[in-house]
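Notes follow once the structure below has been shown.
The values are calculated or read from the model by the stated rules, or taken from the named source; none is laboratory data. For clarity, every value in this text was computed on a predicted model and none was experimentally measured. Backbone-built Cβ (ideal geometry, glycine too); neighbour counts: all protein chains shown. Please note that ligands, DNA and RNA were not included when accessible areas were found on the heavy atoms of the full protein model with its side chains. Shrake-Rupley method; radii C 1.70, N 1.55, O 1.52, S 1.80 Å.
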Amino acid sequence: MNFDTLFNAQLDALKKEGNYRYFAELERKCGKFPRAGNHVDGEVNDVTVWCSNDYLGMGQNQLVIDAMCKAVQRTGTGAGGTRNISGTNHDHLLLEAELADLHNKEAALLFTSGYVSNWAALSTLGARLKNCVIVSDAGNHASMIEGIRHSRADKVIWKHNDVADLEAKLKALPADVPKIVAFESVYSMDGDIAPIRQIVEVAEKYGAMTYLDEVHGVGLYGPRGGGVAEQEGLMERITLIEGTLGKAYGVVGGYITGSAALCDFIRSFASGFIFTTALPPAVAAAARTSIAHLKQSDTERLQQRAQVAKLRAGLDRAGIPHMANDSHIVPVMIKDPVKTKMIADYLMTEWGIYVQPINYPTVPKGTERLRFTPSPLHTDADIAHLLNALTSLWKQCAISHAVA
């Protein structure tokens, strides 16, 4: 059997649908974000990145860079293995203490990515709590879905951000079974924000544990960057808060926070923690520096919000449809996979603007889009250039304008 023939047949089908993913070969430039080098056919051209999840440019912050470089000189590059085998590095414990403090929790536990932290925590909770039912928001991330599936626990899906439907689903469950309400604060593709207070109140009413994914909220919301739950004054009422170090904090890694017993439970039973090489100590040191900085500095958050508002206002003036939300994520709707890629290609080749087309299965078919994430380091001139490019391409590609 020729397996490559089987592989290529499905890849060809993906390309015909317009859903094949092409990756640009980019090279980030230290100290010059959002500029990057785009490698094509042996040439390198400057582009402006408009879709990075390094939301505040902290991956280029000199304090964070210095912390990582100093830690490499102090500890070397790698962790040496799993924490179970090679021991917990001092930098890991310092970072976990920083994270626990960020979310006003007793403890925290590090993972190699936000995907792994969701997968490991939810799969462990669902598998180890007898007769557990996980009540999951319909818009939850793939990492949460995979964790729930792997747990083999009973699963109930509630309509996205629909608190009435959540209550109906919880009310229908037996009172004596463990229940986990799993949801996100900021949903990454639509940029909408969950009604956290109402969700928590309903969960408390039915004795359910709350599991909040704050990966697109940490660093960005709340007076110390604790996320939307901090902004709403709700962190202490949420059982488990999960987050990432790879977005607003500009490094890499994931984590959970909660009670000491909860974190020890996950540490002791989660295969995704036990059998995975730990984060390099230098990464932990850099992340701790980034978190500590954003706990006391609002400058980056305020500047980011200003640039987001300017981009939205410019899109409105140009009549270019973008999804309304209260977050930092600006989805510009194209609703066609072929046109979405075509516009992204034109932006790159003709205007020096990089934005990755978002298509199925990341978003439902018919909702294809360009997802813009303005940062505090995007200048007013960058925004003007982007708006000029989009206005020109909207006419060129004959795409419908927003209804006034």
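Overview of values
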| read-out | value |
| --- | --- |
| Unit Cα scatterers, Debye sum, segment 1-110: log10 I(q)/I(0) for q = 0.18, 0.22 Å⁻¹ | -1.03, -1.18 |
| Accessible surface, per residue, of the chain when the full set of protein chains is kept, probe 1.4 Å, Å² | 45 |
| Alpha-carbon Rg/Rh ratio, for segment 150-196, with Rh computed the Kirkwood way | 1.00 |
| Amide H contacts of residue 372 (H built 1.01 Å from N, under 5 Å, at least 5 apart or other chain) | 330, 332 |
| Simple label model, 7 Å out from Cα along Cβ direction - residue 298 to residue 6, nm | 5.8 |
| Neighbour net charge for residue 54 - beta-carbon separation under 10 angstrom, K R +1, D E -1 | +2 |
| Tensor-based shape of segment 305-403 (alpha-carbon gyration tensor, a/c under 1.5 rounded, otherwise prolate or oblate) | rounded |
| GNM flexibility winner over the chain from 313, 270, 344 (Cα, springs under 10 Å) | 313 |
| Accessible area of the chain belonging to carbon and sulfur atoms, whole % at 1.4 Å probe | 54 |
| Label zone at residue 236, where the point sits 7 Å out along the Cα-to-Cβ direction: segment 189-224 residues whose backbone N lies under 13 Å | none |
| Interchain or long-range residues, amide H under 5 Å from residue 107's placed H | 258, 260 |
| Under 17 Å from residue 341, Cα to Cα: aspartates and glutamates that are on another chain or at least 8 residues apart | 12, 17, 25, 350, 368 |
| Segment 61-138: C-alpha pair distances exceeding 19 Å, % | 57 |
| Cα-Cα pairs of segment 97-238 separated by more than 20 Å (percent) | 45 |
| Anchor residue 247: lysines whose Cα lies under 18 Å away (excluding residues fewer than 8 positions away in-chain) | 29, 32, 295 |
| Listed residues 255, 115, 206, most fluctuating in the chain (Gaussian network, C-alpha, under 10 Å) | 206 |
| D_trans [Stokes-Einstein, Kirkwood Rh over alpha-carbon pairs] for the chain, 25 °C, 0.890 mPa s, µm² s⁻¹ | 110 |
| Exceeding the 18 Å Cα-Cα cut-off - candidates 159/335; 339/365; 105/179; 70/105 | 159/335; 105/179; 70/105 |
| ³J(HN,Hα) computed for each position of segment 98-111 - Karplus, 6.51 cos²θ - 1.76 cosθ + 1.60, integer Hz, glycine/proline x | 5, 5, 4, 5, 4, 9, 6, 10, 6, 8, 9, 9, 8, 9 |
